[in-house]
Amino acid sequence: MARILGGITTSHIPAVGNAIANNLQDDPYWKPFFDGYPKVHEWLADNKPDIVINIYNDHGLGFFLDKMPTFAIGAAHEYKNEDEGWGIPQLDPFPGAPEMSWHIIEGMVEDEFDITSCQELAVEHGFVVPMQLFWPGAPLHPDMPKAIPISANTVQHPIPTMNRALNFGKSLRKAIESFPEDLKVVVLGAGGLSHQLDGERAGFINKDFDQMCMEKIVSAPEELTSISRHDLVRQAGAQGTEFLMWMMMRGALGDNVTELTHNYHIPISNTGAGTMLLECE
Amino acid sequence: MDINDFGHHSHIEGTTLFDGKRAMKGYALNKMCYSFNAGDARAAYLADPEAYMAQFGLNDAQKQACRDENVLAMIAAGGNIYYLAKFAGIFKLSVQDVGAQQTGMTVEAFKQKLVDQGK
């Protein structure tokens, strides 16, 4: 049966893609951020997952406001990285795992999560930047797992609740663990941490809140479900709601996890940037 | 009942929650900005912004905000920041440029404000 090895979180800021393209990893501005990744690389090299479930939020490439799914799961043979408006060079397509995608969709709808299935889904920085950070050279890294994208809506309110996000992850775990092949799976939670791009409060970052979230998500994620969506916007910033992706990932990891690495740095672009590697027990 | 008669969200200082009401108000503007994912669309806008805005049916407030490249006015007219970021990209504005404009700071002062929050 398929088995979840662990989860990795990261921020997915577009500027990171530029920094990678320009080899700025050792630049003084970027080094404290990129220092969070070598331990992740070691763990991935040791464990070599077969499948990566990439939980992210589309920022207006794969979906528009005409039809906005709350939870969408990719079920394609490959996912194309397309221009999202800034003319950044596109990466090669990411190979998919449609058999497992459909198994997850079947399992989660059976479990009463109403999923939008996507046989075509263009992917942008929210999906691509974490892949580049964890598998340098992605998708051409020799150990690149096959990918299943899961996108949750944080573009337009109403967005999911923290409780729903955690429960989504729990249901995802059940679906993955019932897949009949012996595959190793890693789950990504991409986005956050605190930031706000719009309005007179643009530039808002909340270090205390981010650090509290990074602590609680390890051993007490249920406590975070008491944060209302309004409070999440107030405390994490309008785009800090991307922390929902971390909650979805955490739900998929089971009750007990071991924190293997933890990095937090302010600022990367307008954001408090967090990276964690949590291994399932 | 009119869509403007109800509000689901209480106020957060300096923050516009993009909900159904905003989504309806800004639909034409956001749809135009969504089109800017494509390089041809970006070029078409630069070649003739008035014709491009008319094609998407922007209202006068949305058009004026675009002419002025005024992000707060675009938000007031229903713009969603994720789509407006594509508009900003046409003019090579970073999120720090956009943040400085909205907060009335210089870009350098805005960047310093970001750094200071890490201390």
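Considering the options A:Ile53, A:Leu24, A:Leu121, tell which one lies farthest towards the positive end of the dipole of segment A:3-280, charges being +1 on Lys and Arg and -1 on Asp and Glu at the Cβ, about the Cα centre.
Positive-end residue among those listed: A:Leu24.
In the full protein assembly as shown, how much of A:Ser269 is accessible to a 1.4 Å probe, in Å² to the nearest 10?
10 Å²
What would the Debye formula give as log10 I(q)/I(0) at q = 0.12 Å⁻¹ for the alpha-carbon point model of segment A:111-181, no solvent?
Rounded to two decimals, the profile gives -0.46.
Pick from B:Ala88, B:Ala61, B:Ala77 the residue whose mean-square fluctuation is largest in a GNM of chain B, springs joining Cα atoms under 10 Å.
B:Ala61
To the nearest whole number, what is the average tally of beta carbon atoms from other chains within 10 Å of the beta carbons of peptide A:62-74?
Partner-chain Cβ atoms within 10 Å, mean over residues of A:62-74: 2.
Using +1 on the beta carbon of Lys and Arg, -1 on that of Asp and Glu, and nothing else charged, what's the dipole of segment B:18-91 about the Cα centre, debye to 20?
Using only the charged Cβ atoms, the result is roughly 260 debye.
Expected output is a single nm value to one decimal: the length gained when fully extending between A:Glu215 and A:Tyr29, i.e. 0.36 nm times separation in residues minus the C-alpha distance. What is it? Provide the component values of the computation, followed by the final result.
Working: separation 186, 0.36 × 186 = 66.96 nm, distance 2.52 nm.
Value of the extension gain: 64.4 nm.
Excluding same-chain residues fewer than 8 positions from A:Lys184, which aspartates and glutamates have a Cα within less than 13 Å of its Cα?
A:Asp46, A:Asp50, A:Asp143, A:Glu279
At a 1.4 Å probe radius, carbon and sulfur cover how many percent of the accessible area of segment A:3-280?
Reported share for carbon and sulfur atoms: 46 percent.
About the Cα centre of the protein assembly as shown, what is the dipole size in debye to 20, counting +1 per Lys and Arg Cβ and -1 per Asp and Glu Cβ, all else neutral? List each step's numbers first, then the result.
Values: 30 positive and 51 negative charges, 134 e Å.
Dipole of the protein assembly as shown, to the nearest 20 debye: 640 debye.
For labels at A:Ala45 and B:Ala51 in the simple 7 Å Cα→Cβ model, what's the distance in nm?
About 5.6 nm separates the two model spin labels.
With unit charges on the beta carbons (Lys and Arg positive, Asp and Glu negative) and the dipole taken about the Cα centre of segment A:195-281, which residue among A:Ala202, A:Thr225, A:Pro267 sits farthest to the positive side?
The residue sitting most towards the positive pole is A:Ala202.
What pairs from A:Lys67/A:Lys174; A:Lys31/B:Lys92; A:Lys67/B:Lys25 go past 18 Å between their alpha carbons?
Result: A:Lys67/A:Lys174; A:Lys31/B:Lys92 exceed 18 Å.
Take A:His141, project a point 7 Å from its Cα along the Cβ direction, then tell me which residues of segment A:38-62 have their backbone nitrogen under 15 Å from it.
Answer for segment A:38-62: A:38-55.
Out of all DSSP beta bridges in the protein assembly as shown, what portion is antiparallel? Express it as a percent rounded to 5.
Looking only at bridges with both residues in the protein assembly as shown, the antiparallel portion is about 45 percent.
Where a ≥ b ≥ c are the square roots of the eigenvalues of the C-alpha gyration tensor, would you call segment B:18-91 rounded, which needs a/c under 1.5, or, failing that, prolate if a/b is larger than b/c, or oblate? Before the final figure, lay out each step's value.
Values: a/c = 1.60, a/b = 1.44, b/c = 1.11.
It comes out prolate by the Cα gyration axes.
Among rounded, prolate and oblate, which fits segment B:57-103 when a ≥ b ≥ c are the square roots of the eigenvalues of its C-alpha gyration tensor, a/c under 1.5 means rounded, and a/b larger than b/c means prolate? Each step should come with its number before you reach the end.
Numbers: a/c = 1.82, a/b = 1.58, b/c = 1.15.
Cα axes put segment B:57-103 in the prolate bin.
Return the average number of partner chain Cβ atoms within 10 angstrom of each residue Cβ along peptide B:77-84.
Mean number of neighbouring Cβ atoms from other chains: 5.
Measuring from label point to label point, each 7 Å out along Cα→Cβ, what is the A:Glu259 to B:Lys119 span in nm?
Going from the A:Glu259 label point to the B:Lys119 one covers 2.6 nm.
What are the principal axis extents of the Cα atoms in segment A:1-109, in Å, biggest first?
The principal-axis extents, from largest down, are 47, 39, 23 Å.
Give me, ordered by chain and number, the residues 5 or more places off A:Ala147 or on other chains with an amide H under 5 Å from its own placed amide H.
Answer set, sorted by chain and number: A:Val52, A:Gly96, A:Ala97.
Starting from the Cα of A:Lys207, draw a straight line to each of the aspartates and glutamates and keep only those under 17 Å, dropping any in the same chain fewer than 8 residues away.
Leaving aside aspartates and glutamates fewer than 8 places away in the same chain, those within reach of A:Lys207 are A:Glu215, A:Asp231, A:Glu242, B:Asp116.
Rolling a 1.4 angstrom probe over the protein chains, ignoring ligands and nucleic acids, what is the accessible area of B:Tyr45 in square angstrom, nearest 10?
Answer for B:Tyr45: close to 10 Å² accessible.
Of A:Pro139, A:Pro180, A:Pro267, which has the largest mean-square fluctuation in a 10 Å C-alpha GNM of chain A?
A:Pro180
Could you sort the residues of segment A:147-170 by number and keep only those whose accessible area is reduced by 30 Å² or more in the all-protein-chain setting relative to the chain alone, 1.4 Å probe?
Checking the loss per residue gives A:Val155, A:Gln156, A:His157.
Let me see the P(r) profile for segment A:3-280: every Cα-Cα distance counted, bins of 10 Å, each bin given as a percent of all pairs.
Reading upward from the zero bin: 7, 33, 40, 19, 1, 0.
Connecting C-alpha atoms closer than 10 Å in a GNM of chain A, tell me which of A:Gly126, A:Gly240, A:Gly137 has the biggest fluctuation.
Looking only at A:Gly126, A:Gly240, A:Gly137, the biggest GNM fluctuation is shown by A:Gly137.
The values are calculated or read from the model by the stated rules, or taken from the named source; none is laboratory data. Note that the structure is a prediction, hence the values are computed from the model and not measured. Cβ atoms come from the backbone with ideal geometry, glycine included; neighbour counts cover every protein chain shown. Heads up: the accessible areas ignore ligands, DNA and RNA and are worked out on the full protein's heavy atoms, side chains in. Shrake-Rupley method; radii C 1.70, N 1.55, O 1.52, S 1.80 Å.
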